[in-house]
Amino acid sequence: MRLKTESDKETRGVAALMVRELKRGAPHPMVIGLSGELGSGKTTFTQGFAAALGVKRRLLSPTFLIMRSYRLPRAVAGYNKMFHLDAYRLHHRSETEVLGLADILRDPKNIVLIEWAENIKGTLPKNSIAIHFEHRKKENERIIRIMRH
Ligand SMILES: Nc1ncnc2c1ncn2[C@@H]1O[C@H](COP(=O)(O)OP(=O)(O)OP(=O)(O)O)[C@@H](O)[C@H]1O
Ligand SMILES: [Mg+2]
């Protein structure tokens, strides 16, 4: 699916729509790999996703912490935790091991959003979703492509 947004608010709206479409009973965690150049909207999308899940805490870019976790105030479609990982500085499998990512990617109650997912492609489960963000000529325009792996 290919969408065009013209503001950060619209990009958050796309994320909120995806939250509304979450289906109950998936036997695996929901993993979303976000790719696209600096400032293309990966964190903005994640903020919209978290807000739609009911997360009240301000979502900061996890760049310096690499990963943040958010407990959902109420389960949404059976999910009760959201993880936000920034893989910008990750390049080796051993680094994701330190984070305990393998366990996180096994728990079907987790939603995991990963910026710069292309850096740790080999670690992501087959049923993950890929979302690519692209700038356009107009300053606030972005193309968002949502793909199933
Ligand atoms: N249509 C749009 N969608 C998303 N963000 C937009 C849009 N138009 C303008 N922006 C602005 O672009 C910036 C996107 O920054 P954001 O931190 O989300 O990017 P990022 O992809 O996470 O970058 P990084 O690779 O540095 O982590 C924000 O300042 C946001 O307000
Ligand atoms: Mg970011």
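The values are calculated or read from the model by the stated rules, or taken from the named source; none is laboratory data. As the structure is a prediction and not an experimental result, all values here were calculated from the model. Note that each Cβ is placed from the backbone with ideal geometry, even for glycine, and that neighbours are counted across all protein chains shown. The accessibility values were calculated without ligands, DNA or RNA, using every heavy atom of the protein model including side chains. Shrake-Rupley method; radii C 1.70, N 1.55, O 1.52, S 1.80 Å.
Structural remarks
- Charge context of I111, other residues only, Cβ under 12 angstrom, K/R +1, D/E -1: +2
- Relative contact order (percent, whole number), segment 1-78, Cα cutoff 8 Å, 6+ residue spacing: 38 percent
- Only helices enter the 222 nm calculation for the chain: every DSSP H run of n ≥ 4 contributes -39,500 (n - 2.57), and dividing by all residues gives -6500 deg cm²/dmol, rounded to 500.
- Solvent-accessible area, 1.4 Å probe, carbon plus sulfur percent, for the chain: 52 percent
- Nearby aspartates and glutamates by direct alpha-carbon distance to K81 (threshold 16 angstrom, same-chain neighbours under 8 apart not counted): D103, D107
- Computed from phi, the 3J(HN,Hα) profile of segment 131-141 under the Karplus parametrisation 6.51, -1.76, 1.60 (θ = phi - 60°) reads 10, 10, 10, 9, 6, 10, 4, 5, 3, 9, 8 Hz, with x in place of Gly and Pro.
- Which of G39, S128, A16, positive extreme of dipole for the chain (C-beta unit charges): A16
- Loop-located GluC sites (Glu not before Pro) in segment 16-106, at most 12 other Cβ atoms within 10 Å (DSSP): E21, E37
- Averaging the sequence gap over all C-alpha pairs within less than 8 Å and six or more residues apart, then dividing by the number of residues, gives segment 2-143 a relative contact order of 36 percent.
- What you get for the chain, charging only the Cβ of Lys and Arg (+1) and of Asp and Glu (-1), is a dipole of about 520 debye around the Cα centre.
- For the chain: accessible area per residue (Å², 1.4 Å): 57 Å²
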